[in-house]
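Below is one structure, written out as structure tokens, with a few remarks after it.
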Amino acid sequence: MSEIQEILSFYEQCLRKEKRSALATVIETSGPSYRSPGSRSIVCDDGSFRGGLSAGCLEGDISCRLDGDKKSFVVEYDLSAEDDVRGFPFGCGGAVEILVEPLPNAQAMHAVEWFASLDQPAVLLTAITSDGSIEIGARYGMNASFDSTYHGKLKVPGMEGLALSVLSERKSRIAELENNGKTIKVFAEYYEPPISVYVFGDGEDAHVLETCASAHGFNVNRVSRNQLRSGESIVKMFPRIGHGYSVVMTHDLNIDSDVVHELLLVNPSYLGIMGPRSRTERMFKTFERKWHAAIHRGNIFAPVGLDMGAETPREIALSILAEIHTVARRRVPSHLRDVDGAIHERVSKECLVGERDYEKNAFLAGNVSLG
């Protein structure tokens, strides 16, 4: 189960038990922090929570602020060694700003449900200041294909242009929009849905990979040999497979070859192939000449997995999932101790957007790229 699904499930429990609760969302950080902007949590007044803003201390402080007032607010924490939040000195050296929206709040939870329904990147704009006509928490969102839009109560000039810009940059930021001569601050959140993994195989390693991926919040589909022998196209079974991360591990050279050949047609985000390099080379030699260039694309990983010295099925699953996550986040594997600067990319601030708007067809024409 993904974190967003855990949040929704926990909220239902809070409603049934009639607990005071709030949706808390990180909107800005400065310096080191536990989570990045866009991280969210459902916090109850008894201190329980799902999701995560911190190691638990910030959630504990927010729970103490839930006094029954339904008005949304923003709270800032200084996580330096000198700051003591409810008896917990952090010593992280950074600061974090959090939007707290007491529940029930239909607009806030509808936005979370919208995120849970997505299978591609999206952006959500949330007002974090008010100008009198626009309240804190007013929202507007769109996905990368423009076929799923969240129409909340945020309706100001420039919001679509801001959303398109954040989609193209793949990076959240704080922006200012002008509305009727007044300025409101907006948290423009870039969101990527949980990674979708397709596992082809029936062996123990395939089952372990499926279990581990699911436990880590990935959306997982395992395809058995019988399904593959049915003659039905993989693309018909899974129309969005081209946007997913596929691992081929049936341990049958003929079946693997058929699966890989079909997957090459949709150019998936990631195609991992179990087995030694010599086996994969033998597989590719059976393909038509027109595929020779395709097999050198950077999205093919054979042998599959990071070099971690993995031996057991669980270790192999760990190396594969680590590689998939690294590819999905567009990172090069390295030790955090060797990374200069912040571990997570931070939200950036933007100057006044004002009345400027971007043409959607310019985005579709390729002038703005989603990469």
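The values are calculated or read from the model by the stated rules, or taken from the named source; none is laboratory data. Everything quoted here is computed from the prediction, not taken from an experiment. Methodologically, a virtual Cβ is constructed for each residue, glycine included, from the backbone with ideal geometry; neighbour enumeration extends over all protein chains shown. Side chains included, ligands, DNA and RNA excluded: accessible areas come from the protein's heavy atoms. Shrake-Rupley method; radii C 1.70, N 1.55, O 1.52, S 1.80 Å.
Surface calculation, 1.4 Å probe, protein heavy atoms: Thr25 sits at approximately 10 Å² accessible. Peptide packing: for 191-197, 112-118, the average count of neighbouring Cβ atoms within 10 Å per residue gives the ranking 191-197, 112-118, highest mean first. Inter-label distance, Gln13 to Arg279: 4.1 nm, where each label sits 7 Å from its Cα along the C-beta direction. In terms of distances greater than 28 angstrom between alpha carbons, the cross-link table entries Lys17/Lys155; Lys19/Lys155; Lys17/Lys71 yield Lys17/Lys155; Lys19/Lys155.
Between Thr183 and Gln227, 0.36 nm times their residue separation minus their Cα-Cα distance comes to what? Before the final figure, lay out the partial values.
Numbers: separation 44, 0.36 × 44 = 15.84 nm, distance 5.63 nm.
Residue separation times 0.36 nm, minus the Cα-Cα distance, leaves 10.2 nm.
Note on the range 183-257: dipole from Cβ charges, positive end direction compared against His243, Ser214, Gly203; the farthest Cα belongs to His243.
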